[in-house]
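Accompanying notes for the structure given below.
The values are calculated or read from the model by the stated rules, or taken from the named source; none is laboratory data. Please read these numbers as outputs of a predicted model, since none were measured by experiment. No Cβ is skipped: glycine too gets one built from the backbone with ideal geometry, and neighbour counts run over all protein chains shown. To get the accessible areas, we keep the full protein, side chains included, count just its heavy atoms, and leave off ligands, DNA and RNA. Shrake-Rupley method; radii C 1.70, N 1.55, O 1.52, S 1.80 Å.
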Amino acid sequence: MWLGHTVKVDRAERVSTETADRSQVRRAVLLLAGLLVVLLMVAPIARQPLSGTEPLLPAYAAAIFVSEMVTVALLLALFGVQRSWALLALAGGYLFSGLTVIPWAFTFPDVFPGWAVGDGLQTTASIAAFRRLGFPLFVLAYALLRDRPPVHGSASWPIAGVIAGVTGVALGATGLIIVGDDVLPRFMTDKRNVAAVWFVVPPATIVLYACGLGLLLRRPLSVLDLWLVVVLCTLLIELVLLSYVSAGLRLGVGWWVGRACGLLSATIMLLVLLLETTSLYARLARSVAAERRGRNNRITTMEVLSASIAHEVKQPLASMVTNADAGLRWLAKEPPRSDEAKAALGRIVRDGHRASRVIESVRAMYTKGSQERVAVDLNARIEEVVEAYESEFRLSGISVETDLEPMLPLVLGNPAQLHQVACNLIDNAVEAMRPVAGRRRLLRATSRRRSDGEVVVSIEDTGTGLDPAHGEDIFEPFFTTKPDGMGMGLMFCRSVVEAHGGRLWASANIPHGAVLTFSLPEAGEEG
Ligand code: ADP
């Protein structure tokens, strides 16, 4: 029942509908072949009596009873999930078989000699005939009901109906057999040997088994169908051993080997259901875990995405507010300085475009396969960014040096993203140098072409420097040592650089400060 309430079970993952694979068919065929070999080996000694084995019968019946009742419980649990009429019919069959095995063992001659009721000569054989002919009828019902649409509504009523109906029929009929020994067919001549009339039962049973097999084999076998075929074949082998090979002699070698086949057939379905439901459970547990992991990853990505948008857009927004203030001030002057206001508005437009490019590039970073790549001149980008930061450098008392290699090869990249990388690195350098007093605040931007086809850009500062204890943590999302920091900048830079096939790393600047360096493959190399 747990399956249905907690997880939606895919049709293909149902024990009763999943098609049996080759390895299962191979295992089933091997099992039946093994049983046939046993049958052939036992045949010559089948009629040897094994006297004194009656006390084993209650244990045998108890084993069958327990195994068939557990099978009933599992089949009803499956019915609770799948609501298939066929499963209900099969559960009814196992319930019938399990309930009738107990009176069969109780009435067996010399097993419970003191039991006054049911010690008639024909009782045990009649219960056996009833049991043997009854079970295949349920299998026929299973095979015929396989295509019926599932039960709608509550599963409890059909389950209660089947339990009540089958229990009533099984116990009522065996009760009648026990008390009405006089009117029963004369199956037995004495306690050990069957009469000629008994030999009507095996052929009738075989016909029913054959019908069941025919109906089951009509279409591709599900796992349950396959093992039900094996169950019927095992019961057939049991019947052949009991009725033909042993010629109806009770408690002989062939009879006991036949009974062992009966026990095997009772446990096959139990084992299959246990194995299949356990492996189904494992599959479902794995898929639930994978789904949970996926959800967590999606949440982290969303957090990273929203934090990085906030981080990257903060700067152009701040600059727009500053320029808007300046524009208002220019317009408030007497006479209004429209040329200055126009320039401020122009800067707002530029920052607005920049913010939208940033959003686009952040989105592009998290959208698979939509990475715009063009040839980018890193020297030009660095000069552009350095120029944009000019007033910032001036206000913070920072001197700037650029050492850019002439004729630097182009790289293939997303210009807005690479621009943002340079901005982030420069932002960090500026912030690291602000608290510095008593030495020169110097920012150096260099570019080099390396012999291995890579272009390397470094941003060096003489700031507070990197704390060696933090190591690679500075590249982790949300790692920050600043009171108002977000810890997204370096994470963003590294993701972008790596998405471009490059590397980003940090090192110490001697004697003071930090160096952040990234390398990117030359455009020719990538293409
Ligand atoms: P944020 O700037 O919001 O803190 P970053 O991911 O850009 O986030 O940086 C993470 C941390 O790395 C910073 O808080 C700082 O401790 C360290 N860091 C980055 N760049 C430098 C630098 N140039 N000098 C010293 N420390 C740096």
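In summary, helices (runs of 4 or more DSSP H) completely within segment 1-109 and bearing 3 or more residues that are at pLDDT below 90 and open to solvent by 50 Å² or more (accessible area, probe 1.4 Å) occur at 2-6. Within segment 389-416, the set of residues being closer than 26 Å to Gly352 by Cα and within 15 Å of the ligand (Cβ to nearest atom) comprises Tyr389, Glu392, Phe393, Ser396. Within segment 487-506, restricting attention to residues that are open to solvent by 20 Å² or more (accessible area, probe 1.4 Å) and not aliphatic (A, V, I, L, M), the residue that is farthest from the ligand (Cβ to nearest atom) is Gly501. Counting just the residues of segment 427-486 that are open to solvent by 50 Å² or more (accessible area, probe 1.4 Å), among the polar types (S, T, N, Q) and more than 44 Å from the chain's Cα centre (by Cα), which one comes out farthest from the ligand (Cβ to nearest atom)? Filtering first and then ranking leaves Ser451.
All conditions but one from (1) open to solvent by 60 Å² or more (accessible area, probe 1.4 Å); (2) among the hydrophobic types (A, V, I, L, M, F, W, C); (3) touching a residue at least 24 places away in the same chain (Cβ under 8 Å); (4) more than 8 Å from the ligand (Cβ to nearest atom) apply to Ala422; the one that does not is (1). State which residue is nearest to the ligand (Cβ to nearest atom) when the search covers only segment 509-525 and only residues that are open to solvent by less than 70 Å² (accessible area, probe 1.4 Å) and hydrophobic (A, V, I, L, M, F, W, C). Looking at residues that are open to solvent by less than 70 Å² (accessible area, probe 1.4 Å) and hydrophobic (A, V, I, L, M, F, W, C), I get Ala514.
A search for C-beta distances below 6 Å between a residue of segment 196-222 that is assigned to a loop (DSSP other than H, G, I, E, B) and any residue that is surrounded by 15 or more Cβ atoms within 10 Å (Cβ to Cβ), counting only pairs 6+ apart in sequence or on different chains, returns Leu221/Ala20.
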